Amino acid sequence: MSLALETTALSKHFGGIYAANNVFLRVESGARHALIGPNGAGKTTIINLLTGVLRPSAGRIMLKGRDITNLAPHRRVQLGVARTFQINQLFGAFTPIETIGLAVSERMGSGGDWWRVAGSKPSVDSQIVEILERFHLTDVMLESAATLPYGKQRLLEIALAIACRPQVLLLDEPAAGVPEEERHEILASVVALPKDVTVLFIEHDMDLVFSFADRISVLVNGALFAEGSPQEVSRDERVKAVYLGEDAADE
Amino acid sequence: MSAPAYPILIASVAQYLGRRARWRSAEYAFWAIAAATLVLLPGKHLILTEIAILGLFALSLDLLLGFSGIISLGHAAFFGLGAYAAGLFAKHGLISEPVLALLASGLLAALLGFATSFLVLRGSDLTRLMVTLGVSLILRELANRFDGLTGGADGLQGITIAPLLARFAFDIGGHTGYLYSMAVLFVLFVVARRIIYSPFGLSLGAVKGNPLRASAVGISVNARLVTIYTIAAAYAGIAGALLTQTTQFCSLDVLSFERSADLLIVLILGGTGYLYGGLIGAILFKLVQDWLAAVTPQYWQFWLGLVLVAIVLMGRERMGAWFAAARSLIRRE
Amino acid sequence: MLTILVDGIAYGMLLFVLACGLSVTLGLMNLINLAHGVFAMAGGYAAVVLVNRLGMPFAVALPLAFVVPAAIGIVMERTLYRHIYAKSHLEQVLFTIGLVFMAVATVDFVAGSQQVFIRLPKALEGQFSVFGIGIGKYRLLIIVICGLLVLGLQIVLARTRFGSQLRAAVDDPRTARGLGIDVNTVFAIAFAVSSGLAGLGGALGAEILGLDPQFPLKFMIYFLIVVAVGGTSSITGPFLASLLLGIADVAGKYYLPKLGAFVIYTIMIAVLIGRPQGLFSRGTGR
């Protein structure tokens, strides 16, 4: 099996603090790979490094064997890496139609067209509808993103990443902040992703992790602490200690 | 209740996006009135020309401020370059036909815009203010120093503009000048309108609203900003060239800080982000300025400052009601 | 060449005294105050009136050139400025430009548009001869006064309680409030001192920079350059930036007469391309 994503000795430090410390991450193609760890472990930092929002202090990042360490964020998207943010990063004034339409146009290479009216390409329109349908957003497709309820915003956030037709999808706590009743809808949309899309996701909800992931990496203080199949990780005493230790401290 | 069928949805989406770009009746009314002034107000053509030029200049800044989120305190740099270019083309007979000279001046301004666009890509609002102000002041210093070429503080003298398209001579009453300015303004406005409602324009809105997310969906933020900055510079340069061609004079004040500051006032009067703000603001600004100059010829700058302070203190919320009304007449809401 | 160095240092120190307040208000309140030069002008004109019209000694007029703008500053801060702290940078820019227009027109109306001069005491005219090189007495005085001010500022910031409150409020206003620091009072005092220093700089600089109603507009860019190059997270940043710019400007104008004025702009653009947050600041700045 080939590797969709691979990092070699990936590190990021701010002053004396290592947000990411010598991380060797290997994500297989088509995997549903979870990245877990206590708060502040550096999980979002890893995603920021993978997507190019942060530049690494050391190490390399490979996408399907291609070195993308020095590529700008938008270039990585064009190569097939898309992400969602832990806190919704939407375009508040845009409707779902405009939001998804933006991503579809960019992917099809017509995002820079300045002469024709946006929406005059039927192929774009049909793709917009297909994605909105899939994420149950057609009933709110004419409302500005800022006015949508949180659950719908979260769906839009994920739909936006999907609209980029990524080969590798990075989800940063997809169910975060979503009310209990709506979590299932979020997860269902992620489960329904095509098998050839590789998914790396951060999650705190262990039920979601164990029901969805086929591989888990545990990050503690910026370093890879443990890795393996869900069974292996759930039985690992050190992992339990790290999490239980955190729980014990909260009590 | 079952969801509508696919083809219906696709049609709805297409209709929604198409409707965004459609001309509103208020817009037709605006341009009809503007066209009417060509015939109905012959005595006012000189000041109307000033308004048209100021409106075009403000439109160019609105492309940056209102649509792309770039704040600039030195937009006069492009205006001034276009103005001097047009003056020099005419004075030294390099390009005698005014429309060609206009386009050439716009091109020069675009080149300067392109060259300096990299400076506004990074940094905070303050950095952008600084850098844009710095560029315009450098240009002003250059114009001041090389007074052999530019006439320095006395201005560029001895400009005579050849007849438009070799047929329509510029007259004292300013009728040709006004028709010319209005035509240029209208054409450039239509082009700007196409740009705004295009996929490119949509991506600008994304860049303005959330640049982080924009790059996360594959938009090359820098490339888009450089493009719109260059276009805005070209528009400003053409406005400057129009000024020189319609007044047959050009002096250092086209590069002054006051020009850039006046422009910000125009946009705060008219509102940003819906293309007509610059035009409406220009009308209001000129009327206010003329009235103030008549009332207190020497110290009208004081009252202008007071108006500015009052507007900001009054706040966007109260101005917002008026803007929302204007906007809803013109943009989809 | 030493003369140029001394001139440059004097000019730089003057720039610092004039501009450091701007750095503080930007760093502290995230306020872009383009009207900062108005306070400098106020101090300058106050000194002119006190010395030329009322016959006060220069040494007495200088502290008053601090006090008068500081008082104006407090009044304006409480009545006008505090309404725009929360507004966007664009609105702050427009608001303060409006203030500048009003101030410039007012001074023009009251005092006329010609340049004004302060009648300096005889003792300050002429030069000292150091190793056969002439060093202007007035410039030396500027260096001394400004140097003392810099030291004083450093001491206040580092050693006093107010100083640490100020630094805390600059770093993180919300947390500072949570710690019981009265951030509003800190703002008011900082603004007053900032305006006072500008006024003092205006009075000291009237001889060297030229004082007329257009002063706030003419020198706006220089203050902004100091802040942009020096950053807002320390006092030493703007200080070093001012010295760099002062020496570069004086040297540039001497050695490259046609292009001298551009040296300062070029440095600014070069710095802002390379390090948008300023040469000497840490972190991402504002």
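The values are calculated or read from the model by the stated rules, or taken from the named source; none is laboratory data. In this text the structure is predicted, and so the values were computed from the model without any measurement. No Cβ is skipped: glycine too gets one built from the backbone with ideal geometry, and neighbour counts run over all protein chains shown.
Of the conditions (1) surrounded by 19 or more Cβ atoms within 10 Å (Cβ to Cβ); (2) of a type in the set (S, T, N, Q); (3) touching a helix residue (DSSP H, G or I) at 6+ places or on another chain (Cβ under 7 Å), C:Gln92 satisfies every one except a single condition; which number is it?
(3)
Starting from residues that are buried (at least 16 other Cβ atoms within 10 Å of the Cβ), away from chain C (no Cβ under 11 Å) and in contact with an Asp or Glu (Cβ under 8 Å, 6 or more places away or on another chain), keep the ones in the range B:270-325 and report whichever is modelled with the lowest pLDDT.
In this case the residue turns out to be B:Gly273.
Looking at the range A:135-174, which of the residues that are within 11 Å of chain B (Cβ to nearest Cβ) and free of Cβ contacts under 8 Å to residues at least 24 places away in the same chain is surrounded by the fewest Cβ atoms within 10 Å (Cβ to Cβ)?
The residue in question is A:Asp139.
With the requirement that a residue be under 15 Å from B:Trp31 (Cα atoms) and in a helix (DSSP H, G or I), what does the range B:261-281 give you?
B:Gly277, B:Gly278, B:Leu279, B:Ile280
Residue-wise test of (1) surrounded by fewer than 24 Cβ atoms within 10 Å (Cβ to Cβ); (2) small (Gly, Ala, Ser); (3) under 18 Å from the mean Cα position of the chain (by Cα).
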{"site": "B:Phe78", "(1), (2), (3)": "no, no, yes"}
{"site": "B:Leu94", "(1), (2), (3)": "yes, no, no"}
{"site": "B:Glu97", "(1), (2), (3)": "yes, no, no"}
{"site": "B:Leu112", "(1), (2), (3)": "yes, no, yes"}
{"site": "B:Asp125", "(1), (2), (3)": "yes, no, no"}
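Residue by residue, here is whether (1) out of contact with any Ser or Thr (no Cβ under 6 Å at 6 or more places or on another chain); (2) surrounded by fewer than 20 Cβ atoms within 10 Å (Cβ to Cβ); (3) at pLDDT 85 or above holds:
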| residue | (1), (2), (3) |
| --- | --- |
| C:Glu207 | yes, yes, no |
| C:Gln214 | yes, yes, yes |
| C:Gly231 | no, no, no |
| C:Tyr255 | yes, yes, no |
| C:Thr266 | yes, yes, no |
| C:Leu272 | no, no, no |
| C:Ser281 | no, no, no |
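Tell me which of these B:Arg122 doesn't satisfy, since it passes every other one: (1) assigned to a helix (DSSP H, G or I); (2) free of Cβ contacts under 8 Å to residues at least 40 places away in the same chain; (3) under 26 Å from C:Ile32 (Cβ atoms).
That leaves (1) as the condition not met.
Could you identify the single residue in B:Ser203, B:Ser220 that is more than 17 Å from the chain's Cα centre (by Cα), within 14 Å of chain A (Cβ to nearest Cβ) and without any contact (Cβ under 8 Å) to a residue 12 or more places away in the chain?
B:Ser220
Which condition breaks for C:Gly43 when tested against (1) under 15 Å from the mean Cα position of the chain (by Cα); (2) under 19 Å from C:Phe95 (Cα atoms)?
Of (1) under 15 Å from the mean Cα position of the chain (by Cα); (2) under 19 Å from C:Phe95 (Cα atoms), only one is false for C:Gly43: (2).
Look through the range C:75-99, keep the residues that are more than 7 Å from chain B (Cβ to nearest Cβ) and β-branched (Val, Ile, Thr), and return whichever of them is farthest from B:Leu64 (Cα to Cα).
C:Val75
Within the range A:101-118, track down each residue that is at the interface with another protein chain (Cβ under 9 Å from one of its Cβ atoms) and either among the hydrophobic types (A, V, I, L, M, F, W, C) or surrounded by fewer than 22 Cβ atoms within 10 Å (Cβ to Cβ) (or both).
Within the range A:101-118, A:Leu102, A:Ala103, A:Arg107, A:Ser110, A:Gly112, A:Asp113, A:Trp114, A:Trp115, A:Arg116, A:Val117, A:Ala118 meet the criteria.
Of all residues in the range A:55-100, which are facing chain B (nearest Cβ under 7 Å) and in a helix (DSSP H, G or I)?
A:Pro73, A:His74, A:Val77, A:Gln78, A:Ile97, A:Glu98
Mind checking whether some residue in the range A:126-143 is more than 26 Å from A:Asp196 (Cβ to Cβ) and touching a Lys or Arg at 6+ places or on another chain (Cβ under 7 Å)?
Yes: the range A:126-143 contains one or more residues that are more than 26 Å from A:Asp196 (Cβ to Cβ) and touching a Lys or Arg at 6+ places or on another chain (Cβ under 7 Å).
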